[in-house]
Amino acid sequence: METIDFHAHLLNPNVSFSRVYDKVAISLFAKKLGVDKDDLLDRKYDAFVDAFINNIQTSKYVKKSVVLPVDAKIDSKGREISRDKTVCSSNEDVLNEHKKYPNEVIPFFSVNPNRVDALDLIDEYASQGFKGAKFLQNYWDIDINDDKYIPYFEKIKSYDLPIIIHTGSEHAIESNPIYEKVEVANSAIEIGCKVVLAHFGVNTIMEHNPRKFLNNFSFDNKKFGDDYFKTIEYLEKHENVYADLSAMVMNFRSKIIEDLAKNQSQIHDKLLFGTDYPVPFSPMFSYHSLGLKKRKELERIENPLDRNIEFFNEYFEEESIIYTNWQKLIKE
């Protein structure tokens, strides 16, 4: 079986690993992400890219990765407010890596719709061979259902490009939770764009209500929370809506994989395998039904892409269509 990772990221080339989150991630997960910690601290971005490409080249299953940049925050007058020094790689960064590694990198672009030249940029990136778009409206702190963004989505639709829209909780970058709900994609869906709901729309902690917190430990899908069923509803209702399974092997998100595999076969043709690399994950410490022996076995798999797929294969069949659905959205 061969597939692509539908959701991966570069780091900002100016990354310094000065954030507390970065320091913790490096200390705990560098080796598990196929990155040598000392090399990463020394060569930073270059070491990250080397390890990332090596993971793809040595993977048993993943032949390419969709690589997603993140545009800066832009105010309503088109002025750049800020650019995260860890997460915000540029479209040019992604294109450069695609040119160096065309057999490993599938480039998507990220254009904040508040840019004055946003529509022209879409034309430019489409002509350069970018295969889709990425939205992080929760970081940009904008309501993308505002009618003023309709021309933006119409432009993306005109190129028949898929657009990955962040849904669910976000911890790697500053985020406004108001714009993390599945409903943020309504306008893009209604216009007819091919929409991918990232992270299946669910939070890493699925029930923040103190009275319902114990629901996080239940494998009864009735206690999975409204976001889970809202995503299923969107996939069933809208022909042009898909969901990726990136960042699922972490925290309480991982418990839904079993239910998706065994009880939600009606939406399997809408699911896309993804990792959210380099977001840390661990089959050992995430919440799911696998026993300690299997957890240890999975944790010993060196390649992080293969480790992620082997986890999914415990629930889905190895030849599941979740590994081939990407062909409906990306033309090679």
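What's the Cα-based Rg to Rh of segment 56-121, Rh via Kirkwood? Let's see the in-between values first.
Numbers: Rg = 14.3 Å, Rh = 13.2 Å.
Reported Rg/Rh (Cα atoms, Kirkwood Rh): 1.08.
So how far apart, in nm, are the two label points at Ser27 and Ile178 if each is 7 Å from Cα heading toward Cβ?
3.5 nm
As a test of the formula, what do you get for the chain when each DSSP H run with n ≥ 4 contributes -39,500 (n - 2.57) and the sum is divided by the residue count, at 222 nm and rounded to the nearest 500 deg cm²/dmol?
Working: 12 runs with 108 residues, N = 332.
Mean residue ellipticity at 222 nm (helix-derived): -9000 deg cm²/dmol.
Counting other beta carbons within 10 Å of each residue's own, what order do Glu332, Glu170 fall into, fewest first?
Details: Glu332 8, Glu170 22.
With the sparsest Cβ surroundings first, the list reads Glu332, Glu170.
So if I take the centroid of the Cα atoms in segment 233-307 and the same for segment 53-71, what is the distance between those two points in Å?
17 Å
Mind giving me the FRET efficiency for Ile321 and Ser158? R0 is 22 Å, r the Cβ-Cβ distance, nearest 0.05 is fine. If you can, show how the numbers build up before the last one.
Working: r = 28 Å, r/R0 = 1.28.
Approximately 0.20, to the nearest 0.05.
When a footprinting reagent is the concern and you count Cβ atoms within 10 Å, what order do Met250, Met206, Met284 take, fewest first? Walk me through the intermediate numbers first.
Values: Met250 19, Met206 25, Met284 14.
Fewest to most other Cβ atoms nearby, the residues stand as Met284, Met250, Met206.
What per residue convex hull volume, in Å³, do the alpha-carbon atoms of the chain yield?
Numbers: hull volume 42.4 nm³, N = 332.
So the per-residue hull volume is 128 Å³.
Which order do the peptides 263-271, 134-142 take when ranked by the mean count of other beta-carbon atoms within 10 Å per residue, highest first?
Order by mean packing, descending: 134-142, 263-271.
Over segment 104-254, what is the relative contact order in whole percent, taking alpha-carbon pairs under 8 Å and six or more residues apart?
On the way: 247 pairs, mean separation 30.8, N = 151.
Dividing the mean separation by the residue count of segment 104-254 yields 20 percent.
Please give the contour-minus-distance gain from Asp75 to His208: 0.36 nm per residue of separation, less the Cα-Cα distance, rounded to one decimal in nm. Before the final figure, lay out each step's value.
Details: separation 133, 0.36 × 133 = 47.88 nm, distance 3.05 nm.
Difference between extended and current length: 44.8 nm.
Just subtract the alpha-carbon distance of Asp146 and Asn103 from 0.36 nm times their residue separation and send over the number in nm, one decimal. Walk me through the numbers before you get to the answer.
Details: separation 43, 0.36 × 43 = 15.48 nm, distance 3.78 nm.
Here the answer is 11.7 nm.
Based on the Cβ-Cβ distance of Asn263 and Asp50, what FRET efficiency does E = 1/(1 + (r/R0)^6) give at R0 = 30 Å, to the nearest 0.05? Could the numbers behind the result be given before it?
Details: r = 41 Å, r/R0 = 1.37.
After rounding to 0.05, the efficiency reads 0.15.
In nanometres, what is the gap between the two model label sites at Phe219 and Arg83, each 7 Å from Cα along Cα-to-Cβ?
It is 4.7 nm.
For labels at Met1 and Leu292 in the simple 7 Å Cα→Cβ model, what's the distance in nm?
About 2.8 nm separates the two model spin labels.
Roughly how far apart, in whole Å, are the Cα centres of segment 157-232 and segment 1-52?
25 Å
Ordered by residue, what ³J(HN,Hα) values in Hz, to whole numbers, does segment 201-207 give under the Karplus form 6.51 cos²θ - 1.76 cosθ + 1.60, where θ = phi - 60° and Gly and Pro are x?
Values, residue by residue: x, 9, 8, 5, 10, 7, 10 Hz.
Measuring from a point 7 Å past the Cα of Ser127 along Cα-to-C-beta, which residues in segment 312-332 have an amide N at less than 13 Å?
No residue passes the distance filter.
By the gyration tensor of its Cα atoms, with a ≥ b ≥ c the square roots of the eigenvalues, what is the shape of segment 196-332: rounded for a/c under 1.5, prolate for a/b over b/c, or oblate?
Values: a/c = 1.71, a/b = 1.05, b/c = 1.63.
Oblate, because a/c is 1.5 or more while a/b does not exceed b/c.
If the viscosity is 0.890 mPa s and the temperature 25 °C, what translational diffusion coefficient in µm²/s does Stokes-Einstein give for segment 1-112 when Rh comes from Kirkwood over Cα pairs?
Numbers: Rh = 14.8 Å.
Reported coefficient: 165 µm²/s.
Values quoted throughout were computed directly from the atomic coordinates according to the rules given, and no laboratory measurement underlies them. Since this is a predicted model, take the numbers as computed values, not measurements. Positions of Cβ are generated from backbone atoms using ideal geometry, with glycine treated the same way; all protein chains shown enter the neighbour counts.
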